[in-house]
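S.K.: Sending over a structure as structure tokens; questions will come in a sec.
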Amino acid sequence: MHSVVADAAAGLLFTSSLGPSDCAARVWRLWDPRGMPGSNGGSSRLLQPALAHTLSGHTAPVLSLALSPDRRLLFTGSHDYTIRVWSTADWHCVRVLKGHGGGVRALVVAPDGATLYSAAADNTIRVFQTGGGGGRDAGDCLATFAQLGYRDKGGISALLFSPDARTLYSGASDGTLAAWHLRWSEPAAAGAGGSTAGGLRRGFL
């Protein structure tokens, strides 16, 4: 299992594929949110973990997961090179995001929920719009940038936002860590310590 994400408010746990022949993500109920503190003064009621939903549609194992800040969308990245977007209201797939040329190993949603960042074995990071607005449609790819060379092996396997959401950190299997300065409206100038691509600065700032 490569990834686990929790929704504490709903008492849910999301897991990626359980093995090499498993192509589904799963939703597990861990406790009853109706008994959480603040809800009629009660306390959370722990339950025996129970499978609530199986999210099928990928054609290869699910490697990565991310939950939107408003908890309305769950994103699953797979070794089939795609990302699926699931509605947590009824657990149906609302769209499939394509473009990567390798398994999608890491996902992270921007703190404002407007964009999804994905990292894959093709050594690239892609930025997708999560909802409509600004003249763009949900699912549009806004940018693609690379931490490693096209011929390098391994891929990018970790993504994390800084607390102020201005910097995205990415970790690659070659042991390197890159910091990307996210200033879309004002591309950073090329200079010491990094390079620019699509308005994103690579290198420690």
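The values are calculated or read from the model by the stated rules, or taken from the named source; none is laboratory data. Since the structure is predicted, the reported quantities are computational estimates derived from the model, not experimental observations. Counting neighbours? That spans all protein chains shown, and the Cβs are built from the backbone with ideal geometry, glycine included.
S.K.: Condition (residue is on the phi > 0 side of the Ramachandran plot, over 10 Å from the mean Cα position of the chain (by Cα) and small (Gly, Ala, Ser)) applied to segment 107-121: is it met by at least one residue?
M.R.: The answer is yes, given that some residue of segment 107-121 is on the phi > 0 side of the Ramachandran plot, over 10 Å from the mean Cα position of the chain (by Cα) and small (Gly, Ala, Ser).
S.K.: Further question: Can you name the number of the only condition in (1) among the hydroxyl-bearing types (Ser, Thr, Tyr); (2) over 26 Å from residue 138 (Cα atoms); (3) modelled with pLDDT of 95 or more that residue 87 fails?
M.R.: With (1) among the hydroxyl-bearing types (Ser, Thr, Tyr); (2) over 26 Å from residue 138 (Cα atoms); (3) modelled with pLDDT of 95 or more applied to residue 87, the lone miss is (2).
S.K.: A follow-up question, please. Pairs under 6 Å by beta carbon, first residue over 27 Å from residue 52 (Cβ atoms) in segment 86-114, partner basic (Lys, Arg) and buried (at least 21 other Cβ atoms within 10 Å of the Cβ), six or more apart or different chains?
M.R.: What qualifies is 99/126.
S.K.: Being assigned to a loop (DSSP other than H, G, I, E, B), closer than 22 Å to residue 155 by Cβ and either in contact with a Phe, Trp or Tyr (Cβ under 6 Å, 6 or more places away or on another chain) or of a type in the set (Phe, Trp, Tyr) (or both) is the filter here; which residues of segment 74-92 pass it?
M.R.: The answer is 81, and nothing else.
S.K.: Residue 103 passes all but one of (1) surrounded by 21 or more Cβ atoms within 10 Å (Cβ to Cβ); (2) within 22 Å of residue 71 (Cβ to Cβ); which number fails?
M.R.: (2)
S.K.: Out of 68, 78, which single residue is at pLDDT 95 or above, of a type outside the set (Lys, Arg), surrounded by 16 or more Cβ atoms within 10 Å (Cβ to Cβ) and within 23 Å of residue 163 (Cα to Cα)?
M.R.: None of the other options fit; the residue is 68.
S.K.: Go through segment 7-16 and give me each residue that's touching a residue at least 60 places away in the same chain (Cβ under 8 Å) and under 18 Å from the mean Cα position of the chain (by Cα). Explain how you work it out, then say what you get.
M.R.: First pass over segment 7-16, keeping only residues touching a residue at least 60 places away in the same chain (Cβ under 8 Å): 7, 9-10, 14, 16.
7, 14, 16 - these are the residues of segment 7-16 that are touching a residue at least 60 places away in the same chain (Cβ under 8 Å) and under 18 Å from the mean Cα position of the chain (by Cα).
S.K.: Among the listed residues 71, 95, which satisfies the condition of being more than 15 Å from residue 16 (Cα to Cα), over 9 Å from the mean Cα position of the chain (by Cα) and either of a type in the set (Ser, Thr, Tyr) or part of a loop (DSSP other than H, G, I, E, B) (or both)?
M.R.: 71
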